[in-house]
Amino acid sequence: MQRKIIIDTDPGQDDAVAILLALASPDELDVLGITAVAGNVPLALTQKNARIVCELAGRPDVPVFAGCDRPLKRALVTAEHVHGKTGLDGPVLPDPLMPLQDAHAVEFLIQTLRREPAESVTLCPLGPLTNIATAMQAAPEIVPRIAQIVLMGGAYFEVGNITPAAEFNIHVDPEAAEIVFGSGVPLTVMPLDVTHKALVTQARNAAFRGLGTRVGVAVAEMTDFFERFDKAKYGSDGAPLHDPCVTAFLLRPDLFSGRHVNVEIETEGRFTAGMTVADWWGVTGRAPNAMFMGDLDADGFFALLTERLGRL
Ligand code: RIB
Ligand code: CA
């Protein structure tokens, strides 16, 4: 049974791997489209990178749309220090030949959710939530039509990766995150608490490269580049594959564990803007609104990822 999904993304090497995993799994996932948002790098690059990745997967048929080029209210913060100036540093990949769709990503989100049967489409945001929040504000009637949102963002026990308190995707657009987390749509959240356990060790990187395919080698080169920031900052044993946790959850939810809790977004804090305030111990009495993941079977995750990448 195929699940219809829309991937909203700011590629980003880890976004690229998440997209590849989805496109390598056509029996389970029907990618209706990919919507690009400004985040890791500006929109002109994220929409180009999304098309590069589709062509790397041999899927120039997947419609790619450009969305919002800045957060709802704040100035854009980018992460070239992590992803490189192109956003996809590491492999040398050709410029895309496939066209960018003319429609704005927000229009595509609204029209698709209006057209598809209610509660048949899952949204998979991998970057700042600007496109999703903008669509919800422009067309509130689509909100109950969303089956669920499975997103990468936030942190609780792991604290922030861009500020002491905030994870990047939420930090870039806290107001958008506040709208999405308050929407009432069933949410599954992949915070740093779980993604920092999905590390591309040397052995795992060698398994990607050992596929001997264009995709396998490209992913090995992406993660070789992408690991620098986390190894320098955290002393990690490799690159954390943040965004592929979203796609892997859709394929194998049993690989993940977490807790259904209340999560609020700090939008006012002088030092804490973008913090995901997860009520892990249920002290606030506020209604739970998110399945907040905390752990994964890392070996199972990488076995799934490597096997599926080998299919492209
Ligand atoms: O904090 C990690 C998140 O920020 C990932 O989605 C990564 O791609 C960047 O967008
Ligand atoms: Ca991302």
Top mean-square fluctuation among Asn49, Asn131, Asn205, Gaussian network model of the chain, C-alpha springs under 10 Å?
-> Asn205
Using a cut-off of under 17 Å, list every residue of the stretch 17-55 whose amide N is near the label point 7 Å from the Cα of Asp69 along the Cα-to-beta-carbon line.
-> 36-50
For Tyr156, Tyr234, what ranking results if the residue with the fewest other Cβ atoms within 10 Å of its Cβ goes first?
-> Tyr234, Tyr156
Between Arg252 and Ala232, what is the label-to-label distance in nm when each label sits 7 Å out along the Cα-to-Cβ direction?
-> 3.3
Can you pull the semi-axes for the stretch 1-121, root of five times each eigenvalue of the Cα gyration tensor, sorted largest first, whole Å?
-> 23, 18, 12
Only Lys, Arg (+1) and Asp, Glu (-1) charged, at Cβ; the stretch 71-193 dipole about Cα centre in debye | 180
Over the Cα atoms of the chain, Rg to Rh with Kirkwood Rh, two decimal places?
-> 0.93
Within the chain, what percent of beta bridges assigned by DSSP are antiparallel, to the nearest 5?
-> 30
Given a Förster distance of 30 angstrom, what is the FRET efficiency for Glu268 paired with Gln2, based on the Cβ-Cβ distance and rounded to 0.05?
-> 0.10
Debye, to nearest 20: dipole size of the chain, +1 on Lys, Arg Cβ, -1 on Asp, Glu Cβ = 220
CD proxy, 222 nm, the chain: helix-only mean residue ellipticity via -39,500 (n - 2.57) per DSSP H run with n ≥ 4, per residue, nearest 500, stands at -11000 deg cm²/dmol
Using alpha carbons only: equivalent-ellipsoid semi-axes of the stretch 67-121, gyration tensor based, whole Å = 29, 19, 11
In Å, the Kirkwood hydrodynamic radius from C-alpha pairs for the stretch 199-238 sits at 10.0
Please state the charge dipole magnitude for the stretch 266-312, taken about the Cα centre, from unit charges on C-beta atoms (+1 on K and R, -1 on D and E), reported in debye and rounded to the nearest 20.
-> 160
Using θ = phi - 60° and Karplus 6.51 cos²θ - 1.76 cosθ + 1.60, couplings along the stretch 211-220 (whole Hz; Gly, Pro as x) = 4, x, 9, 4, 5, x, 5, 4, 5, 4
Return the whole-Å distance between the Cα centroid of the stretch 225-282 and the Cα centroid of the stretch 69-115.
-> 21
Between Arg209 and Ala138, the FRET efficiency computed from the C-beta separation at R0 = 41 Å comes out, to the nearest 0.05, as 0.40
Within the chain, longest stretch free of exposed GluC sites (Glu not before Pro) [DSSP loop, at most 16 other beta carbons within 10 Å] = 120-267
Among Thr163, Thr46, Thr247: highest mean-square fluctuation, GNM of the chain, C-alpha pairs under 10 Å = Thr163
If we count other beta carbons within 10 Å of each Cβ, what is the order of His260, His104, His242, fewest first?
-> His260, His104, His242
If the convex hull is drawn through the Cα atoms of the stretch 225-312, its volume per residue in Å³ = 151
Once you treat every alpha carbon in the stretch 156-312 as an equal point and sum by Debye, what is log10 I(q)/I(0) at q = 0.09, 0.19 Å⁻¹?
-> -0.32, -1.18
Percent of all alpha-carbon pairs of the stretch 180-266 at distances over 19 Å, whole number, is 50
More than 19 angstrom apart: percent of Cα pairs within the stretch 136-187 = 33
Using the count of nearby Cβ atoms within 10 Å as a rough guide to exposure, how do Val53, Val31, Val261 rank from fewest to most?
-> Val261, Val31, Val53
What's the longest bit of the chain with no exposed trypsin sites (Lys or Arg not before Pro), using DSSP loop states and at most 15 other Cβ atoms within 10 Å as the test?
-> 86-269
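Read the figures in this text as sums done on the coordinates, not as results from a lab. Here the structure is a predicted model, which means the values were calculated and not measured. No Cβ is skipped: glycine too gets one built from the backbone with ideal geometry, and neighbour counts run over all protein chains shown.
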